[in-house]
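Following: one structure in structure tokens, then a few remarks.
The values are calculated or read from the model by the stated rules, or taken from the named source; none is laboratory data. Bear in mind that the values here come from a model prediction, so they are computed numbers and not experimental data. Here the Cβ positions follow ideal geometry from the backbone for every residue, glycine too, while neighbour counts run over all protein chains shown. Note: areas computed on protein heavy atoms with side chains; ligands, DNA, RNA excluded. Shrake-Rupley method; radii C 1.70, N 1.55, O 1.52, S 1.80 Å.
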Amino acid sequence: MKCALLLTFIVLLIVCAEDTHAWFGGGGSSRSSSRSSDSSKPGSSNTNRKRGGSCRSGSSSATKSVQKQEKPKASVIDQVKEAIGGAETKEAKAYVNGYVNGANEMHSTYKEMKTVTKQMAKDGKGAKGADKYFHAKANCKAAQHGPGGKDAAKHISDEREAYQTAFQKGRNMIGKVSDKGYNEYAADSTKDQEANRHGQNGGDPNKYRTKYIPDKYKK
């Protein structure tokens, strides 16, 4: 009986030993092989991580190459300079300065004309035609500032006469000015333009000077 029990105990030990090996020894090698087989599959996480990294790296390098190829946009000032042929040239600066100075000459002489003709009318002296002298004088002084000054004289003179003539025409159309009055004004505007052109071309303003204009206002 004792021998039978001892034999049964030995058999149990052998069985348990095999089970222990299956769970710990054999199981470990099985899991290891499973991991290695999984890593060798195309859809494994390690492969995906590597591929993902290379994709991002490739996208970044492509973006950098595109950025290098793009030309920087020109500023508004550079675009304007290019459009007018370069605003930094001496000729352009001289033209702008001449235009500004010419406009100032036109303005100052216009104020002078208003002062003189108002005083002449107050003194009872004939002021008719005196404005032609100042038209010629203003344009002549402006034209002395070069091409820019001459253009300023022409632009200001033309715009002034066109505006005033159109204004008088409007008054004529609504009955505020007679046809005769408008025609006289239009004829006088034509004479003003003649004096303007005379001064712009360098003519002597004294051609239009009347006897009652004070000597201190001679050109």
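Per-structure values
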quantity	calculated
Residue count, the stretch 154-203 (criterion: charged (D, E, K, R), within 21 Å of LYS141 (Cβ to Cβ) and either touching a Leu at 6+ places or on another chain (Cβ under 9 Å) or open to solvent by 60 Å² or more (accessible area, probe 1.4 Å) (or both))	6
Yes/no for ASN206 being in contact (Cβ under 8 Å) with a residue 40 or more places away in the chain, surrounded by 14 or more Cβ atoms within 10 Å (Cβ to Cβ) and closer than 19 Å to GLU112 by Cβ	no
Positions within the stretch 144-199 being in contact with a Lys or Arg (Cβ under 6 Å, 6 or more places away or on another chain) and under 20 Å from PHE134 (Cα atoms), in sequence order	ALA195
Neighbours by Cβ (under 6 Å, 6+ apart or cross-chain): first from the stretch 98-117, within 13 Å of CYS140 (Cα to Cα); second at pLDDT 95 or above and basic (Lys, Arg)	GLU105/LYS141; THR109/LYS137
